[in-house]
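S.K.: Sharing a structure with you now.
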């Protein structure tokens with residue numbers, strides 16, 4: 001299996017066994033509100049704006065998640081989310097199945113050493129990379145070089161004039177690193193679902209014009225995947241539902257669900273808008289996608305990219 005993350009360790013065996021159990025029996029947890037079967041949340045954080053581990057686990061159980069991928073912060077991100085150490089600690093909890101990525105500020109002198117150390121401790125990917133550098137910068141190329149060497153995916157947060165600048169140059173990176181699986185995420189990524197984009201508009205509304213950059217990237221490059229998490233992904237699903245139905249069908253092998261929700265209970269507690277992003281995006285998917293597509297988006301695609309047990 002490509003990118004198999006769990007080899008030659010007791011922790012590895014237990015995590016894989018737990019994922020397999022989730023496939024066959026839903027891991028003894030409540031079924032997802034939109035389907036029976038396992039649900040992988042590709043995008044969650046520890047200490048998310050002060051949320052406790054207990055609240056995180058309650059959130060995941062409430063919305064039906066069976067396996068949670070923790071994305072650590074690094075550098076400036078540590079003001080908002082937990083880092084590599086916190087994520088590693090939480091993966092030891094067997095009350096819920098957790099896996100984790102590794103992260104480091106690509107501009108830091110010890111970035112490579114930090115990533116390697118965490119990958120050696122069974123991190124299954126790199127990210128989310130959310131730093132004020134160009135997506136094709138030398139700093140980020142060093143991250144991609146390491147991802148290629150370690151055979152791990154990279155998750156990138158695209159936000160205009162803030163993080164991973166120059167999304168229009170991303171295709172040349174994808175072409176230069178065909179062995180690396182890239183997962184795109186965030187406002188500028190999902191704004192480009194449309195061919196008409198105002199780069200300063202983070203959550204565009206209204207009809208999607210076909211032929212957007214995101215559609216082309218997902219169609220043209222087998223190593224490009226899309227993370228449906230956060231309000232950016234939720235907004236992309238809901239803004240033009242007629243377009244979304246076709247988009248989900250076209251890219252049913254390339255889309256991976258995640259929540260990136262910071263609410264405390266899966267019902268909106270702790271958020272000013274009183275809404276759970278994860279529950280709302282799951283409801284949109286249930287409304288817009290057939291069961292076969294749901295199974296891929298909610299578990300199968302992510303499991304394939306991360307090297308988890310397949311159902």
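S.K.: Starting from segment 185-196, take each residue that is at positive phi and in contact (Cβ under 8 Å) with a residue 40 or more places away in the chain and list its partners that are buried (at least 24 other Cβ atoms within 10 Å of the Cβ) and part of a strand (DSSP E or B), counting only C-beta distances under 9 angstrom and pairs at least six apart or across chains.
M.R.: The qualifying pairs are 186/128; 186/156; 186/157; 186/227.
S.K.: Being in a loop (DSSP other than H, G, I, E, B) and under 20 Å from the mean Cα position of the chain (by Cα) is the filter here; which residues of segment 230-254 pass it? Give the derivation first.
M.R.: So the first thing to find is which residues in segment 230-254 are in a loop (DSSP other than H, G, I, E, B), and the list is 239-240, 251-254.
Passing the criteria: 251, 252, 253, 254.
Conditions (1) more than 13 Å from residue 297 (Cβ to Cβ); (2) free of Cβ contacts under 8 Å to residues at least 24 places away in the same chain, marked per residue:
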residue	(1), (2)
219	yes, no
223	yes, no
239	yes, no
248	no, no
268	yes, yes
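S.K.: If you don't mind, another one. Just checking, how many residues over segment 182-198 are under 24 Å from residue 141 (Cα atoms) and part of a loop (DSSP other than H, G, I, E, B)?
M.R.: In the first step, residues of segment 182-198 are kept if they are under 24 Å from residue 141 (Cα atoms); the result is 182-190, 192.
If we keep only those that are part of a loop (DSSP other than H, G, I, E, B) as well, we get 186, 192.
Matching residues across segment 182-198 total 2.
S.K.: Filter segment 119-128 for residues that are surrounded by 21 or more Cβ atoms within 10 Å (Cβ to Cβ) and in a loop (DSSP other than H, G, I, E, B); which is farthest from the chain's Cα centre (by Cα)? Outline the logic, then answer.
M.R.: First, pick out the residues of segment 119-128 that are surrounded by 21 or more Cβ atoms within 10 Å (Cβ to Cβ): 119, 123-128.
Imposing the further condition that a residue be in a loop (DSSP other than H, G, I, E, B) reduces the set to 123-125.
Values: 123: 14, 124: 12, 125: 10 Å.
Per the stated criteria, the residue is 123.
S.K.: Just for segment 174-207: of the residues that are in contact with a helix residue (DSSP H, G or I) (Cβ under 7 Å, 6 or more places away or on another chain) and farther than 27 Å from residue 243 by Cα, which one is surrounded by the most Cβ atoms within 10 Å (Cβ to Cβ)?
M.R.: My answer is 180.
S.K.: Condition check: under 21 Å from residue 206 (Cβ atoms) and either in contact with a strand residue (DSSP E or B) (Cβ under 7 Å, 6 or more places away or on another chain) or surrounded by 20 or more Cβ atoms within 10 Å (Cβ to Cβ) (or both). Does residue 279 satisfy that? Write out each step before concluding.
M.R.: Details: under 21 Å from residue 206 (Cβ atoms): no; either in contact with a strand residue (DSSP E or B) (Cβ under 7 Å, 6 or more places away or on another chain) or surrounded by 20 or more Cβ atoms within 10 Å (Cβ to Cβ) (or both): yes.
Answer is no for this residue.
S.K.: Inside segment 130-170, can you point out the residues that are at positive phi and surrounded by fewer than 21 Cβ atoms within 10 Å (Cβ to Cβ)?
M.R.: Restricting attention to segment 130-170, the residues satisfying the condition of being at positive phi are 151, 161, 164, 166.
151, 161, 166, listed by residue number.
S.K.: While we're here: Could you list, in sequence order, all residues of segment 141-170 that are under 25 Å from residue 231 (Cβ atoms) and assigned to a helix (DSSP H, G or I)? Even if it seems obvious, please write down each step before you answer.
M.R.: Our first condition is that a residue be under 25 Å from residue 231 (Cβ atoms); within segment 141-170, this holds for 153-168, 170.
Once the filter is applied, which keeps residues that are under 25 Å from residue 231 (Cβ atoms) and assigned to a helix (DSSP H, G or I), segment 141-170 yields 167, 168, 170.
S.K.: Would you list the helices (runs of 4 or more DSSP H) that sit entirely within segment 268-311 and hold 2 or more residues that are within 15 Å of residue 253 (Cα to Cα)?
M.R.: Details: elements: 277-288, 291-295, 301-306.
Here the list reads 291-295, 301-306.
S.K.: May I ask you to say which residue of 260, 265 is in a loop (DSSP other than H, G, I, E, B) and under 24 Å from residue 206 (Cβ atoms)?
M.R.: 260
S.K.: Still on this structure: Assess whether residue 211 counts as being within 28 Å of residue 177 (Cβ to Cβ), outside any helix (DSSP H, G or I) and free of Cβ contacts under 8 Å to residues at least 40 places away in the same chain. Please lay out each step first, then the result.
M.R.: Values: within 28 Å of residue 177 (Cβ to Cβ): yes; outside any helix (DSSP H, G or I): yes; free of Cβ contacts under 8 Å to residues at least 40 places away in the same chain: yes.
Yes.
Where a number appears in this text, it was derived from the coordinates with a stated rule and is not lab data. These numbers were taken from a predicted model, which means no experiment stands behind them. Neighbour counts run over all protein chains shown; Cβ positions are idealised from the backbone, glycine included.
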